[in-house]
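Enquirer: My questions will all concern the structure given below.
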Amino acid sequence: ASNVTQPVVLTNIPGDANNDGLVNVSDVVVIVNYYMGESPSPFCFNNADVNNDDVINVQDVVGTVNIFMGGKMSPWIDLNSSVAYLHLKPDGITIESDGTLAGIQFELTGNKLDEMELISRLQGHAMTYKVVDGNLRVLIFSIDNTPIPAGTIPLADFKNAAEDLQWDTAVAANLNADAVDVILLTEP
């Protein structure tokens, strides 16, 4: 028996989450799956963490989209984003923002979260959600980083809303994949 070794090539390409040497939409899918609590394979955390903050989140999704759309992560444009507001209402969620957000993620707590269904109201944006670690985790982004329109607009409607639904956390990313502060509001 001979000892045959195969070289393992590890790339250091920001956004190349599946470590295949290319940055494309499949890397976005892998990053989204990781964020949603899956265990994608192959997965390269260092490449997926495009902003090097040791957290995989919506900023990395937006940054990876920027890389495969334009060859670089940021800055695309001189941008100063205002605080965004998420409004939790009995029938759904609205967002109030300045038109510079490319993606947002948030988590909700409550009872019977796995019976709840969210219906996306944002045209041209992907929305995925799943119960992870007891919270309903939601990620909304555009595959071409079309910004969420300015103003107050509906994000999602609830079907079979969970009981005692409350905010946990939220993070937003602007078109340059920079973090944008989010204020969480609950309306009766």
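The values are calculated or read from the model by the stated rules, or taken from the named source; none is laboratory data. Computed from a predicted model, the values in this text were never measured in an experiment. Reconstructed Cβ throughout: ideal geometry from the backbone, glycine too, with neighbour counts over all protein chains shown. SASA here: full protein model, heavy atoms, side chains in, ligands and nucleic acids out. Shrake-Rupley method; radii C 1.70, N 1.55, O 1.52, S 1.80 Å.
Enquirer: Using the Cα centre as the reference, give the magnitude of the dipole from point charges on the C-beta atoms of the chain (Lys, Arg: +1; Asp, Glu: -1; all else neutral), rounded to the nearest 20 debye.
Expert: It works out to roughly 360 debye.
Enquirer: How many nm is it between the label spots at Asn135 and Ile153, if each spot is 7 Å from the Cα in line with the beta carbon?
Expert: With each label point 7 Å from Cα toward Cβ, the separation is 2.5 nm.
Enquirer: May I pose another question? How would you order 94-102, 178-186 from highest to lowest mean count of nearby Cβ atoms within 10 Å?
Expert: 94-102, 178-186
Enquirer: Now, a different point. Evaluate E = 1/(1 + (r/R0)^6) for Asn80 and Thr169, where r is the Cβ-Cβ distance and R0 equals 25 Å; express this FRET efficiency to the nearest 0.05.
Expert: 0.60
Enquirer: Then there is this: Rounded to the nearest 10 Å², what accessible area does Glu117 have for a 1.4 Å probe in the complete protein model?
Expert: 70 Å²
Enquirer: Next question. Compute the angle between helix 58-70 and the longest alpha-carbon principal axis of the chain, please, reported from 0 to 90 degrees and rounded to the nearest 10.
Expert: With both axes taken from Cα atoms, the answer is about 60 degrees.
Enquirer: Next up: Taking K and R as +1 and D and E as -1, what net charge do the other residues with C-beta under 12 Å from the C-beta of Leu101 add up to?
Expert: So the environment of Leu101 carries a net charge of -4.
Enquirer: Counting only heavy atoms of the protein chains, get the accessible area per residue of the chain (1.4 Å probe) and round it to a whole Å² value.
Expert: Here the residues of the chain average 50 Å² of exposed surface.
Enquirer: Provide the descending list of Cα extents for the chain along its principal axes, expressed in whole angstroms.
Expert: Largest first, the chain extends 70, 43, 25 Å along its Cα principal axes.
Enquirer: For the range 94-177, give the share of DSSP beta bridges that are antiparallel, in percent and rounded to the nearest 5; count only bridges with both residues there.
Expert: Roughly 100 percent of the DSSP beta bridges within the range 94-177 come out antiparallel.
Enquirer: What does the helix-only formula give at 222 nm for the chain: each DSSP H stretch with n ≥ 4 adding -39500 (n - 2.57), the total divided by the residues, and the result rounded to the nearest 500 deg cm²/dmol?
Expert: Estimated from H runs of four or more residues: -4500 deg cm²/dmol.
Enquirer: For the range 19-67, restrict the atom set to alpha-carbon positions and state the Rg and Dmax in Å.
Expert: According to the Cα coordinates of the range 19-67, Rg and Dmax are 9.4, 24 Å.
Enquirer: How would the range 73-130 be classified by its alpha-carbon gyration tensor: rounded, prolate or oblate, with rounded meaning a/c under 1.5 and the a/b versus b/c comparison settling the rest?
Expert: prolate
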